[in-house]
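Have a look at the structure below, then the notes.
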Amino acid sequence: MGSKDFSVFKAGGAALQRFLQLGSLLAAIGFAALLGGCGGGSVEGESGDVWVGLTDAAGDFATYTVDVTAITLKKANGVVVETLPLQTTVDFAQYVDMTEFLTAATVPSGFYVAGTLSLDYSNAVIQVENAAGEIVDVDRLIDSDGNPVTSLDVEVKLEEHNRLLIAPGIPANLTLDFDLNVSHRTEFGSEVVSTIEPVLIAEVDAERPKPHRVRGPLKQVDEAAGSYTVVMRPFHHRLSSDERFGTLQVQTTDATLFEIDGQSYTGAAGLSALAAMPAFTATIAVGDLKFGPRRFEATEVYAGSSVPGGDSDVVTGDVVTRSGDILTVKGATLVRSDGSVIFRDQVSVTLGDNTQVKKQLSSGDFSKDEISVGQRLRVFGTLTETTPGNLVMDASEGLVRMHLTTLRGTVAENSVDGFAMVVDRFSHRKAEAFDFSGTGLTAEQDADPNHYEIDTSSLNTSSFTIAAAMRARGFVTPFGSAPADFTAQTLEDLSALPAVLVVSWDPASAAGVSIVDQSLLLNLEGMGRFHHISQAGARIDLLGLEGDFMVVQGSNEVGLYSIVQPDGPVALHTSFAAFLADLQSRLNNGAAVRRLLAPGSYAGEMSHAARRMIIQVE
């Protein structure tokens, strides 16, 4: 593999064109260097396969549903190849923890040096969280010149060691990450207006890929090889034997868990049960990319009525309240039995004694009483009230599958007495949106997101320090049984990962920053919506820290530091000292600081080491 790097290109607008001059600086805003290609030759005139997946980085968008109209790849000789056979509706906000295989395209062999993602906003549904944690519609989407956005072509370059190599017999994997959080600046007033400067990140054969998912009808099963083949129908395309999106072989193992028509199997028994299903049975597989040889290996397989789109209505979301056997599920994606899809609504779900309850990564059966607040789940039932905003589902004879729930936040306690988090988000939703009443053995023991107690079992927590960014995956403990509040399957210390500091002042402040000992001292008074450090989706709120917060030069001697001022050229510095001198001169002449964005590293020492930085002044 080559060294990691990436390029970012944006679309439209004179102000945007100034940013294009920054090149690798804007690339750094994508949180991490995510491009890598493999060397080797190719035979022109032949063809090979490329698996294309879509994903998103963590952000504040509750839904971002747009139509993807085209994905093109450009060869070094200028030839452009289209890889997407049909327009596809995608909710990018749902792909923070997952990458969905979009297409398996057969394309001419050779080196590819660029890719373009084309988006149509004509029927877009975009919602964002406001400061109170409420989900609100984005009223207007505009470019940096204030023009309404109806469509976008967003390009990413794959140059030199970052090129995508397509060769016969060796499938390549390309993941496109449309980074919503970095691409948008949202302002809340009498209307919600989001300004887009799109950032697209490409990742070739990712070294640390997210779990992948593939959907589509069953084509054939090869029990001897331990595999099966699906006709790819990504996202919410209706099932069809049409192979325009390509086919994908799914490799299974002795540990692969199957759920077929609500029945659980493991390993070869599951594959045999799958082989007994009719051709073109609906399937979903979740798993990981493996190399040597390159393959997709499933950890979980669902088929038949266990897949949304069958005879049941299906809702996927997070439990925000529970009262008796009634759950309130928010952030819900509802797939109707007629094939229609409703994104990001709220659904009231009624459970019953005959509700079947399953848990991801387990072949056992569970009780409806185990479902608690904060749990992410998928419910199969019947929609009895279809009024938008007042949806009601009867799952008393249905199926509930508890999914792995992701917590993002910081370490609150790590001692012999236990381990706890300050939880910023449950899945993709802010903690403030949840009502934890009834979760504890007593009211005093109800779960508290500011001190959320984690059962770590045998997991090693020695590296976790107080206030460090972290992520946990697992399951909420049964309703009415806390503490502990959560049983962790995995814990991740995020403190060593790349961090992005985002700060805004509203209104712009002449006293927002000051220069002290060749560092930037942030004035936390008058901060706007942004006052956070983000590490892999976990947020650290500067307003919750004690003491002076400094931005210092990163370990690199040469960086990229820029000052952006309306109607003026972008001032780009490779020297941190020169950058500070320029900034001080502008402050002396009456400039006010509006926004600061700095990718770098944060280790909890009240300072952020910036490798790159953009400061917007007025």
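Nothing in this text is a laboratory measurement; each read-out follows from the coordinates by a stated rule. Model, not experiment: these values are computed from the prediction. Don't worry about glycine lacking a Cβ; one is built from the backbone with ideal geometry, like all the others, and counts go over all protein chains shown.
For K74, go through the lysines and keep the ones whose alpha-carbon is under 20 Å away, minus same-chain ones fewer than eight residues off. Answer for K74, where 20 Å is the Cα cut-off: K10, K157, listed by chain and number. As a proxy for reagent exposure, ranking I126, I614, I142 by other Cβ atoms within 10 Å from fewest up yields I142, I614, I126. Sorting L158, L289 by the number of Cβ atoms found within 10 Å of their own Cβ, with the fewest placed first, yields L289, L158. Sorted fewest first by neighbouring Cβ atoms within 10 angstrom, V392, V156, V138 come out as V392, V138, V156.
Cross-link candidates for K359: which lysines have Cα within less than 21 Å, leaving aside residues fewer than 8 places away along the same chain? Straight-distance partners of K359: K210, K330, K368.
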